[in-house]
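Q: The structure's right below; bear with me while I get my questions together.
The values are calculated or read from the model by the stated rules, or taken from the named source; none is laboratory data. The model shown is predicted, which means the values in this text are computed figures rather than measured ones. Reconstructed Cβ throughout: ideal geometry from the backbone, glycine too, with neighbour counts over all protein chains shown. Areas reflect the complete protein model, heavy atoms only, side chains present, ligands, DNA and RNA absent. Shrake-Rupley method; radii C 1.70, N 1.55, O 1.52, S 1.80 Å.
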Amino acid sequence: MTTAASERFDAIVVGAGFSGLYALHRLRELGVRTVVLEKAENVGGTWLFNRYPGARCDIESIEYSYSFSDEIQQDWVWTETMPAQPEIEAYLNFVADRLDLRRDIRFDTNVVSMTFDEGAAEWVVTTEAGESLVASYVVAASGILSVPLEPDIAGMDTFTGTSLFTSRWPKEGIDLADKCVGVIGTGSTGVQLIPVVARQAGHLTVFQRSPAYTLPWKVRAFEAGELDELKANYAEIRAAQRAHAVGAARLSAFSVMFEMITKPPLKSASREDQLRAIEAEGVMGALSWGDVFFDIEANRMAAKLYGEAVARIVKDPETAASLTPSHPFGCKRPIIDQGYYETFNRDNVTLVDLRKDPIVGVTPTGIQTSQKQHELDVIVYATGFDAMTGALTRIDIRGRDNASLADFWASQGPYTYLGIAVAGFPNLFIVQAPGSPSAATNFVAALEQHVEWISDCVTYLRDHGYRTIEALPDAQDEWIEHTTALVEPTVLVHPTCKSWYNGGNVPGKKRMYMGYTAGIPEYRRRCDEVAATGYRGFKLA
Ligand code: FAD
Ligand code: N01
């Protein structure tokens, strides 16, 4: 199958974001001849594409960063507690330069197919430009949120103003002053974008289908000497982070949610207790109850209380009611914001509740809803991603017997073993595939564990003379049973839960909760146990 023109490597890594950069560094250190193929023009992945105003991480900078190199963590200077997109992009460029990674990365190289040659026990990888590369191993570091979803709204292409997508925001920025701007989408992206655009635009109209649950947060610049002090304690900070279920021991969107589980139940709280909670903590107080994740009735009570807390901030009662979510809290990734609800008190902001007044279509001059034509200069789409599987199902991946990964996941659901490998696809390692901790954790902590496990595995195969490693179907089924059983007692599996966590945001996608919710330490323990027992659940040949 391989042609004479094919270039040969030990490993091919797809993607040069956080995951691909570390995979390249680690494999190269182990003497594995590796090339990275990246479709973009530079490193950064998520943090290269999502340049929209307000884009920022919701985990503290000192934790949402590589821990593998003390030199890098001591030399890089974060300016804020939670870093904004430009700083994370700059950080990843700094890492790429410091580790001299660029010499093994091919930019503007889109991988379109990967075929496992059973005879040669090799992957043949082809690119859009028609190049063919061959390697024993492929590490797919192609991202869990790297394929944007464009909505299918009638007339989108007829709009004569400016259409913007948050995941490919113009690098040079855009002047929104005096413009009438419409934003579609109120997930994590919309919630970050909306307060900033409201301050820039002449008028902002928010088209909201599902209101978000979002917790207010104060991001601040580090004070003089503060970062140096943190850096002096980096060993302890990293140890605490490593021991924490969500991979972030300091305050973050995930650790706040994690803390909620330890609180007393809402169902036994008196009305006075409930009011005291929202008086003291606002929307956070409405949700911080131990039974909210496990009992749908408690969850609904919390949603009602949440609405009361929102109504204390948003002056117009109709707008406040429209901003109150009706889906269960916990179904979607947690969101933290800076002044989201206050934004709706501004004179230049209008909320359109699409649950009452749905979009009919985009017209040449704006958006037509069932009740009104909204005249706009700019439409911003913040409409999410084909998450977890989207990047891989867009590559024609063929394993044993020419079976297609996209077809397998479409029919069976996104099954994997350990969230790393798929039966029938030997020597293909996926960084943070469905069934891994990714979705509900500090992603950088999660990916470091994956890259280290994968590179240790490659070393093991090389040292023991094995050519292939392949997940066994039974082990894969058991793994998915285990990941599913973990979420079974929670509201995450409630039929009204619809989000990228379970594929419910993509029409026609097979629904399955795609995370691993027992936490990174337990996950690491299980992965280490598999390795220590000679890769139990895998066939080595
Ligand atoms: P990515 O950064 O997505 O990189 C994947 C790379 O693969 C991309 O560069 C892409 O171009 C490339 N690629 C894909 N397909 C191909 C192909 N066929 N051929 C060649 N190249 C390909 N996580 C958190 O833990 N905390 C946060 O606060 C947080 N904030 C986020 C904010 C936004 C706006 C988004 C979208 C995601 C956020 N995430 C956050 C998740 C984030 O995706 C991860 O934290 C992390 O950046 C992912 O790194 P990665 O390298 O695995 O994937
Ligand atoms: O995407 P989403 P996102 N008409 O899927 C709406 C990470 N992230 O880009 O819910 C009208 O959450 C859709 O409505 P509905 C983080 O992991 C992190 O915001 O389907 N509306 C929803 O409101 C996050 O979870 C940060 O009813 C339409 C929105 O678009 C993930 O990325 C920041 C529509 C999509 O929300 C994805 O977040 C940014 C239509 N046709 C991103 N189609 C941090 O803060 C879709 N919508 C760390």
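Q: Does VAL95 fit the bill of being closer than 30 Å to LYS218 by Cβ and either within 11 Å of ligand 1 (Cβ to nearest atom) or open to solvent by 30 Å² or more (accessible area, probe 1.4 Å) (or both)?
A: no
Q: Now a separate question. Out of segment 54-65, which residues are of a type outside the set (Asp, Glu), more than 7 Å from ligand 2 (Cβ to nearest atom) and touching a residue at least 40 places away in the same chain (Cβ under 8 Å)?
A: Of the residues in segment 54-65, the ones of a type outside the set (Asp, Glu) are 54-57, 59, 61-62, 64-65.
Okay, now just the ones that are also more than 7 Å from ligand 2 (Cβ to nearest atom), so 54, 59, 61-62, 64-65.
Within segment 54-65, GLY54, ILE59, ILE62, TYR64, SER65 meet the criteria.
Q: A follow-up question, please. Which members of segment 193-218 meet the condition of being crowded, with 18+ Cβ neighbours inside 10 Å, over 23 Å from the mean Cα position of the chain (by Cα) and part of a loop (DSSP other than H, G, I, E, B)?
A: Answer for segment 193-218, where residues must be crowded, with 18+ Cβ neighbours inside 10 Å, over 23 Å from the mean Cα position of the chain (by Cα) and part of a loop (DSSP other than H, G, I, E, B): just ALA201.
Q: When residues of segment 229-263 are filtered for being within 17 Å of ILE335 (Cα to Cα) and polar (S, T, N, Q), how many remain?
A: Summing the residues that are within 17 Å of ILE335 (Cα to Cα) and polar (S, T, N, Q) in segment 229-263 gives 2.
Q: Restricting to segment 276-310, count the residues that are open to solvent by 60 Å² or more (accessible area, probe 1.4 Å) and either in a helix (DSSP H, G or I) or touching a Leu at 6+ places or on another chain (Cβ under 9 Å) (or both).
A: Going through segment 276-310, the residues open to solvent by 60 Å² or more (accessible area, probe 1.4 Å) turn out to be 276, 279-281, 294, 297, 300-301, 304.
Keeping just the survivors that are either in a helix (DSSP H, G or I) or touching a Leu at 6+ places or on another chain (Cβ under 9 Å) (or both) gives 276, 279-281, 297, 300-301, 304.
Final tally of qualifying residues: 8.
Q: Starting from segment 8-25, take each residue that is on the phi > 0 side of the Ramachandran plot and list its partners that are within 16 Å of ligand 2 (Cβ to nearest atom) and of a type in the set (Gly, Ala, Ser), counting only C-beta distances under 8 angstrom and pairs at least six apart or across chains.
A: From segment 8-25, the pairs are GLY15/GLY45; GLY15/SER142; GLY15/GLY143; GLY15/SER146; GLY15/ALA391.
Q: Related question: Can you tell me which residue within segment 10-31, out of those that are over 13 Å from VAL95 (Cβ atoms) and of a type in the set (A, V, I, L, M, F, W, C), is farthest from the chain's Cα centre (by Cα)?
A: Pass one, segment 10-31, residues over 13 Å from VAL95 (Cβ atoms): 10-15, 27-31.
Then drop every residue that is not of a type in the set (A, V, I, L, M, F, W, C), which leaves 11-14, 27, 30.
On the way: ALA11: 25, ILE12: 23, VAL13: 19, VAL14: 17, LEU27: 24, LEU30: 29 Å.
So the residue we want is LEU30.
Q: Continuing with this model, one more query. Checking the conditions here, which among VAL197, VAL183, VAL191 is touching a Leu at 6+ places or on another chain (Cβ under 9 Å) and within 10 Å of ligand 2 (Cβ to nearest atom)? Break it down stepwise before answering.
A: Details: VAL197 fails: within 10 Å of ligand 2 (Cβ to nearest atom); VAL191 fails: touching a Leu at 6+ places or on another chain (Cβ under 9 Å).
Exactly one residue qualifies, and that residue is VAL183.
Q: Tell me, yes or no, whether segment 114-129 has at least one residue that is within 28 Å of the chain's Cα centre (by Cα), within 16 Å of ligand 2 (Cβ to nearest atom) and open to solvent by 30 Å² or more (accessible area, probe 1.4 Å).
A: no
Q: For ILE12, state whether it is more than 7 Å from ligand 1 (Cβ to nearest atom), open to solvent by less than 10 Å² (accessible area, probe 1.4 Å) and either in contact with a Lys or Arg (Cβ under 8 Å, 6 or more places away or on another chain) or in the same structural domain as ALA248 (by TED's automatic domain parsing) (or both). Give the steps one after another, and end with the answer.
A: On the way: more than 7 Å from ligand 1 (Cβ to nearest atom): yes; open to solvent by less than 10 Å² (accessible area, probe 1.4 Å): yes; either in contact with a Lys or Arg (Cβ under 8 Å, 6 or more places away or on another chain) or in the same structural domain as ALA248 (by TED's automatic domain parsing) (or both): no.
Judged against the criteria, ILE12 is not a match.
Q: Tell me, yes or no, whether segment 252-270 has at least one residue that is out of contact with any helix residue (DSSP H, G or I) (no Cβ under 7 Å at 6 or more places or on another chain), open to solvent by 60 Å² or more (accessible area, probe 1.4 Å) and within 16 Å of ligand 1 (Cβ to nearest atom).
A: Yes, some residue in segment 252-270 is out of contact with any helix residue (DSSP H, G or I) (no Cβ under 7 Å at 6 or more places or on another chain), open to solvent by 60 Å² or more (accessible area, probe 1.4 Å) and within 16 Å of ligand 1 (Cβ to nearest atom).
Q: Let me ask you something else. Which condition number does ILE153 fail, the rest of (1) open to solvent by less than 30 Å² (accessible area, probe 1.4 Å); (2) in contact with a Gly (Cβ under 7 Å, 6 or more places away or on another chain); (3) of a type in the set (Val, Ile, Thr) being met?
A: (1)
Q: Which condition from (1) over 22 Å from the mean Cα position of the chain (by Cα); (2) over 28 Å from HIS25 (Cβ atoms); (3) small (Gly, Ala, Ser); (4) part of a loop (DSSP other than H, G, I, E, B) is the one that GLY465 breaks?
A: For GLY465, the exception is condition (2).
Q: Looking at ASP70, is it at pLDDT 95 or above and farther than 26 Å from ASN442 by Cβ? Spell out how you get there, then give the answer.
A: Values: at pLDDT 95 or above: yes; farther than 26 Å from ASN442 by Cβ: no.
Criteria not met by ASP70.
Q: Right, next: State the number of residues belonging to segment 498-509 that are surrounded by 15 or more Cβ atoms within 10 Å (Cβ to Cβ) and at pLDDT below 95. Talk me through it step by step, then tell me what you get.
A: First, pick out the residues of segment 498-509 that are surrounded by 15 or more Cβ atoms within 10 Å (Cβ to Cβ): 498-506, 509.
Then keep just the ones that are at pLDDT below 95; that gives 498.
Matching residues across segment 498-509 total 1.
Q: Filter segment 38-53 down to the residues that are within 11 Å of ligand 2 (Cβ to nearest atom) and part of a loop (DSSP other than H, G, I, E, B), then identify the one that is farthest from LEU101 (Cα to Cα).
A: TYR52
Q: Looking at segment 510-530, which of the residues that are open to solvent by less than 30 Å² (accessible area, probe 1.4 Å) and not in a loop (DSSP other than H, G, I, E, B) is nearest to PRO328 (Cα to Cα)?
A: Looking at residues that are open to solvent by less than 30 Å² (accessible area, probe 1.4 Å) and not in a loop (DSSP other than H, G, I, E, B), I get GLY515.
Q: I've got another one for you. Residues in segment 166-180 that are under 30 Å from TYR22 (Cβ atoms) and surrounded by 18 or more Cβ atoms within 10 Å (Cβ to Cβ): how many?
A: The qualifying residues number 3.
Q: Oh, and also: Pairs please, first residue from segment 489-506 and not assigned by TED's automatic domain parsing to the domain that holds MET257, second anywhere and open to solvent by less than 30 Å² (accessible area, probe 1.4 Å) and of a type in the set (S, T, N, Q), Cβ atoms under 7 Å, 6+ apart in sequence or on different chains.
A: As it stands, the answer is VAL491/ASN299; ASN505/SER499, since those pairs meet every condition given.
Q: Return a yes/no flag: does segment 459-467 have any residue that is buried (at least 23 other Cβ atoms within 10 Å of the Cβ) and not assigned by TED's automatic domain parsing to the domain that holds ALA298. Spell out how you get there, then give the answer.
A: Here is the first cut: in segment 459-467, the ones buried (at least 23 other Cβ atoms within 10 Å of the Cβ) are none.
The answer is no, given that none of the residues of segment 459-467 is buried (at least 23 other Cβ atoms within 10 Å of the Cβ) and not assigned by TED's automatic domain parsing to the domain that holds ALA298.
Q: In this structure, is SER6 more than 15 Å from ligand 1 (Cβ to nearest atom) and of a type outside the set (Asp, Glu)?
A: yes
Q: Go through segment 331-413 and tell me which helices (runs of 4 or more DSSP H), entirely inside it, have 1 or more residues that are within 26 Å of ILE313 (Cβ to Cβ), outside the structural domain of ALA141 (by TED's automatic domain parsing) and open to solvent by 60 Å² or more (accessible area, probe 1.4 Å). Step through it out loud before you land on a result.
A: Details: elements: 340-343, 390-393, 405-412.
Answer list for segment 331-413: 340-343.
Q: Still on this structure, please answer the following. Conditions first: (1) at pLDDT below 95; (2) over 22 Å from VAL292 (Cβ atoms); (3) of a type outside the set (Ser, Thr, Tyr). ARG526 passes all but one, so which condition is the exception?
A: ARG526 satisfies all of (1) at pLDDT below 95; (2) over 22 Å from VAL292 (Cβ atoms); (3) of a type outside the set (Ser, Thr, Tyr) except (1).
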